[in-house]
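So the structure is just underneath, and the comments pick up after that.
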């Protein structure tokens, strides 16, 4: 209950601060258009720099809402992620202008729910920590609770822009039946940025630091029915020596991210450019073995976005993205033990994963009583991973095309209706799997082949989103409801349905 | 001020580049295992098989030798190993008496992590001293 109270206090603070801003119907509609439009996608990277947030929006907008998120797959696409989830949330997000030169923004949310049919994964944050995880063959549903708090401040003085932001996530995921996994996550990110106006553009730089920690354990209340917990290292390989009963782990890590941005000052046409580099590492430590480090995962990323944005009667933007990720994992080799204390005698980089994302994007549209946008994207996504010894390799790559349309209609004095449709096709253009089958146990082969058979499929995705905002009389309050649905169909006859329903108020 | 901004960007970029982590790519090494007699004497002939198990990954290597009491194992994956040797040896003691004996030699833990040379010596346990 304390958490709810905290959220409510935050909301109250936000709404009180915001009270003076919205005083006309057109302002409410304009605020919705400004905050909801898909042309904001072009600024998605720039707005990671808090110095750029002061100029992000000219209207304040605060949402407080309840949300239900249901996802169901016919079979798990990736066994470690499960077959779906049901999550209920209470959320607030806010962007508030403090006069002409400053803005604050923030988010707070509490989410609770269940993930279904997870196997081969006994940790939280699988996408972050894979493949260095703990896992077993039984798995099952897990319960989740997540708290998120984010806040930032940005200001500009003459030509200078300054900003800072803090993001904090606390999460726990657990199971009430054997194997009783429990993960508790704390994840803190701090960002600071500075920018300078030059030739109708803002040139900005930001620095981000992250600290991550997850404590993880798996218990069996019925000892006779216990099964081994595997220290997975990628593509079905395990750290055999410490697999079985070393079920008490810590994942600790963090990293830095540097970003350089160039974006036109509001209402000007100009170049959009972002360049970023980051490095994060996550060490898996066995607490039961006197904090012996087992593996360290490194995630390096470099990305570039370049494009042009035009503001006018017709707004348009063109941009290209190129992002490269290199994930690698070092195995720390343990020597002989003395009273359960193992020295680390060597390190070997055993797992390597290369991910590339390239896309070209175009968006065109017009703001007004009825605002509309059409966005088209196309590109290539590739994933290649291998384990050094015994040699294992997997790769898959997709060529994709996507089209998206959005209409935001000021239907009457009190109603604003948003409709969004999206369709995409991801064609698998290359795939490859190499496993040392003779040396592998059958259940590891089944796990890898299951994931591979889905990942090498072609995917068709279709989605729709409807949102209705209703202003209550002449007040500054509006209620809104939103329904979002998307379906993913794989060429191997599997599919996924995903529905999100939200209901709340905004100011 | 603009210069300060550029200096700041350069310093942080330099920090980022220099803090990058390098891979550990030295996967293989060479192991030298020498078998020694527990008594004074000279080995005349020897036949044996060697079984090495990587303690961390449980990978097993099996080798057989017929001539020398020193084994050189090239392209050995670096790591911690247990070693088991079994075979037959014919040796000459100080009295010039010929002995033929089965033997075992073993070690629960040997470190094979040095990049170039990992030399270990194992003493044979003679199982049968009858001529």
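The values are calculated or read from the model by the stated rules, or taken from the named source; none is laboratory data. Computed from a predicted model, the values in this text were never measured in an experiment. Cβ coordinates were reconstructed from backbone atoms using ideal geometry, including for glycine residues, and neighbour counts include every protein chain displayed.
Just to check your reading of the model, which residue among A:225, A:163, A:270 is under 23 Å from residue A:43 (Cα atoms), away from chain B (no Cβ under 13 Å) and at pLDDT below 95?
Only one candidate qualifies: A:270.
To keep it simple, each residue is scored yes or no on (1) in contact with a helix residue (DSSP H, G or I) (Cβ under 8 Å, 6 or more places away or on another chain); (2) touching a residue at least 60 places away in the same chain (Cβ under 8 Å).
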site: A:204; (1), (2): yes, yes
site: A:228; (1), (2): no, yes
site: A:250; (1), (2): yes, no
site: A:269; (1), (2): no, no
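Any idea which of A:220, A:242 is closer than 26 Å to residue A:171 by Cβ, over 29 Å from the mean Cα position of the chain (by Cα) and either touching a residue at least 60 places away in the same chain (Cβ under 8 Å) or within 14 Å of another protein chain (Cβ to nearest Cβ) (or both)?
None of the other options fit; the residue is A:242.
Out of segment A:216-262, which residues are assigned to a loop (DSSP other than H, G, I, E, B) and closer than 30 Å to residue A:198 by Cα?
If the condition is that a residue be assigned to a loop (DSSP other than H, G, I, E, B) and closer than 30 Å to residue A:198 by Cα, then no residue fits.
Scan segment A:473-483 and give yes if some residue there is modelled with pLDDT of 95 or more, assigned to a strand (DSSP E or B) and closer than 24 Å to residue A:355 by Cβ, otherwise no.
no
Hey, does segment B:91-110 have a residue that's closer than 28 Å to residue A:230 by Cβ, touching a strand residue (DSSP E or B) at 6+ places or on another chain (Cβ under 8 Å) and crowded, with 17+ Cβ neighbours inside 10 Å?
yes
Does segment A:309-318 contain any residue that is closer than 30 Å to residue A:78 by Cα, more than 10 Å from chain B (Cβ to nearest Cβ), in a strand (DSSP E or B) and over 23 Å from the mean Cα position of the chain (by Cα)?
There is no residue in segment A:309-318 that is closer than 30 Å to residue A:78 by Cα, more than 10 Å from chain B (Cβ to nearest Cβ), in a strand (DSSP E or B) and over 23 Å from the mean Cα position of the chain (by Cα).
Please specify each residue of segment A:323-343 satisfying the condition of being part of a strand (DSSP E or B), surrounded by fewer than 16 Cβ atoms within 10 Å (Cβ to Cβ) and within 10 Å of another protein chain (Cβ to nearest Cβ).
none
Within segment A:484-507, track down each residue that is outside any strand (DSSP E or B) and either on the phi > 0 side of the Ramachandran plot or in contact with a helix residue (DSSP H, G or I) (Cβ under 8 Å, 6 or more places away or on another chain) (or both).
Within segment A:484-507, A:492, A:493, A:494, A:507 qualify.
Tell me yes or no: at least one residue of segment A:353-363 is modelled with pLDDT under 95, surrounded by fewer than 18 Cβ atoms within 10 Å (Cβ to Cβ) and part of a strand (DSSP E or B).
No.
Tell me, yes or no, whether segment A:472-484 has at least one residue that is touching a strand residue (DSSP E or B) at 6+ places or on another chain (Cβ under 7 Å) and within 30 Å of residue A:139 (Cβ to Cβ).
yes
Give the residues of segment A:139-159 that are surrounded by fewer than 18 Cβ atoms within 10 Å (Cβ to Cβ) and out of contact with any strand residue (DSSP E or B) (no Cβ under 6 Å at 6 or more places or on another chain), sorted by residue number.
A:157, A:158, listed by residue number.
For the condition surrounded by 20 or more Cβ atoms within 10 Å (Cβ to Cβ) and in contact with a strand residue (DSSP E or B) (Cβ under 7 Å, 6 or more places away or on another chain), what is the one hit in A:306, A:346, A:320?
None of the other options fit; the residue is A:346.
Sort out which residues of segment B:50-66 are over 13 Å from the mean Cα position of the chain (by Cα), farther than 18 Å from residue A:438 by Cβ and within 14 Å of chain A (Cβ to nearest Cβ), and write them in order of number.
Hit for segment B:50-66 is B:56, nothing else.
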